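Dropping the structure in here first, questions after.
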Amino acid sequence: MKLAALARIVPKTDRTDSVQTMMTFRSPPEKVWGAMMFYEEIPQRPSLLLRLSLPVPIRTRGDKTTPGSIIDCLYDGGTLEKRINDVEQARSVRFEVLDQRLGIEQCMTMTGGSYELRPTVEGGTLLVLTTNYRAHLWPRFFFRPIEHAIAHAVHRHILVGMRTVLEGAPALTGELAKV
């Protein structure tokens, strides 16, 4: 990976960070929850940024409904293994990353994250996807915006894929929010 080559020549650090991306679905939380729990394959082609910087997420395998379950996330050149820590039906799933083999381990290491579903006044759902990670590249003022852009690209790829499967149409760019 290009990021791994870059990591060999820049100074290192070990800082924790977090990225959140939000998307609104027209469906109520219960329907989004069902789609999220049984969602496995991402139907659309990834963005150029994602294709150039990381292995692309392809699908997941495993039971997302039970704390302690192991989820295997398959990428087009790597894997990520997660353990489900906490599940609140139609509200949230929290997980920790047990093993990461994406070729970017010298740049960043994912530690965990969550999916949170919030009902909207229109009867839809705001889905907030969070990734927690350990950043290894320094200086932070330079690398943090790059890491966040890449993480948002991964999040958008996953969320738009879920929305396509659930609602049959991709999200509009204006409906995505970065936090």
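Helix 29-38 versus the longest principal axis of the chain: what is the Cα-based angle in degrees, 0 to 90, to the nearest 10?
50
Sticking with this structure for a sec: What is the distance, in nm, between label points placed 7 Å from the Cα along the Cα-to-Cβ direction at residue 76 and at residue 14?
3.4
On a full-extension model of 0.36 nm per residue, what is the gain between residue 69 and residue 116, subtracting their alpha-carbon distance, rounded to one decimal in nm? Write out the running numbers ahead of the final one.
Working: separation 47, 0.36 × 47 = 16.92 nm, distance 1.81 nm.
The residue 69-residue 116 span can extend by a further 15.1 nm.
Report, largest value first, the span of the C-alpha coordinates of the chain along each principal axis, in whole Å.
Cα extents, longest axis first: 49, 36, 26 Å.
Tell me what the chain gives for mean residue ellipticity at 222 nm when only DSSP H runs of n ≥ 4 count, each as -39,500 (n - 2.57), the sum divided by the residue total, rounded to 500 deg cm²/dmol.
-9000 deg cm²/dmol
Expressed as an acute angle from 0 to 90° and rounded to the nearest 10, what is the orientation of the C-alpha long axis of helix 140-167 relative to the principal long axis of the chain?
Around 30 degrees separate the two axes.
Quick one: dipole size for segment 2-178, taken about the Cα centre, charges +1 on Lys/Arg Cβ and -1 on Asp/Glu Cβ, in debye to the nearest 20. Don't skip to the end; give the middle numbers.
Details: 23 positive and 19 negative charges, 110 e Å.
So the dipole magnitude of segment 2-178 works out to roughly 520 debye.
Tell me which residues come under 5 Å, amide H to amide H, from residue 110 once H is placed; ignore anything under 5 positions away on its chain.
Here 134 satisfy the definition.
May I ask you to derive the relative contact order of the chain, considering only C-alpha pairs under 8 Å and at least 6 residues apart, and to give it as an integer percent? Mind showing how you got there, number by number?
On the way: 376 pairs, mean separation 55.7, N = 179.
Relative contact order of the chain: 31 percent.
Taking amide H positions as placed in the peptide plane 1.01 Å from N, state which residues far from residue 102 in sequence (5 or more) or on other chains have amide H under 5 Å from it.
79
Just so you know, all these numbers are worked out from the coordinates, no wet-lab data involved. All values derive from a computational prediction rather than experimental measurement. For neighbour counting, all protein chains shown are included, and Cβ atoms are generated from backbone atoms with ideal geometry for every residue, glycine included.
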